Amino acid sequence: MTGAVKEGRGEGIGDLHGAVGGAGAEPAVAPVEHAEEAVHEQVDIDVVADLQIAHVDRFIAAFEREFHVDAGMVRRSVAERSSFNIFDQATMLKVDIFVAAEDAWVVEELVRARVEAVDVDGKPAAIRFATAEDTLLYKLVWYRLGGELSERQWSDVLGVIKVQADRLDRAYLRHWAKHLKVSDLLARALG
């Protein structure tokens, strides 16, 4: 299902992408669709956003009606360049927002994100999706940061590799895995 959003998710992703972009930040969605859907049901949405302190009030205002947003957590996460989550109050859909670090790879990842049309309320919306390679690198970093304990993250890594197979740019992966200090994990995943 490359380039598509799971049925019923287009509206939420389109609204989310529009609101993050409307807050002045540059968003890219990291979809599990690069991986094997049978691995697990997606229960959250991951977004990388180049949020700055100047964006925080607009970001909170854009989401606080329909989402549970902890304003203090958002401010801390933006200042620390870390992550936070928001929850849709109607569906309890969790959205993980990863604040883009000031890093050469993050800049490259945001540049490489592909734009695809997604149906939002019967109208096409241009959404930026992370490439399979960048999704894989994020999963490896998150796996490492979690103490290499998350079976879900590792399963996603292997799923991306299985589904994307020969389409993956392995030179790109090796280059940035070294930069991100996950070369050992990439080598293990690639077998």
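No value in this document is a laboratory result; all are computed from the given coordinates. Just so it is clear, the structure is predicted and the values come from calculations on it, not from any experiment. Methodologically, a virtual Cβ is constructed for each residue, glycine included, from the backbone with ideal geometry; neighbour enumeration extends over all protein chains shown.
Neighbour counts of other Cβ atoms within 10 Å put S77, S150 in the fewest-to-most order S150, S77.
Going by how many other Cβ atoms sit within 10 Å of their own, how do I97, I161, I53, I45 line up, fewest first? Write down the numbers at each step before the final one.
Values: I97 26, I161 20, I53 9, I45 23.
Lowest to highest Cβ neighbour count: I53, I161, I45, I97.
Summarised as an ellipsoid, region 124-191 has semi-axes of 19, 14, 12 Å, derived from the eigenvalues of the Cα gyration tensor scaled by 5 and square-rooted, with the largest first.
Fully extended, how many nm does the chain gain between H179 and D70 (0.36 nm per residue separation, minus their Cα-Cα distance)? Walk me through the intermediate numbers first.
Numbers: separation 109, 0.36 × 109 = 39.24 nm, distance 3.23 nm.
Stretched fully, the H179-D70 segment lengthens by 36.0 nm.
With a simple spin-label model that places each label point 7 Å from the Cα along the Cα-to-Cβ direction, the separation between K123 and A79 comes to 3.8 nm.
By count of other Cβ within 10 Å, fewest leading, how are D134, D166 ordered?
Values: D134 24, D166 5.
Going from sparsest to densest Cβ surroundings: D166, D134.
For S83, nonlocal amide neighbours, meaning residues 5 or more places apart or on other chains whose placed amide H falls under 5 Å from its own, are V99.
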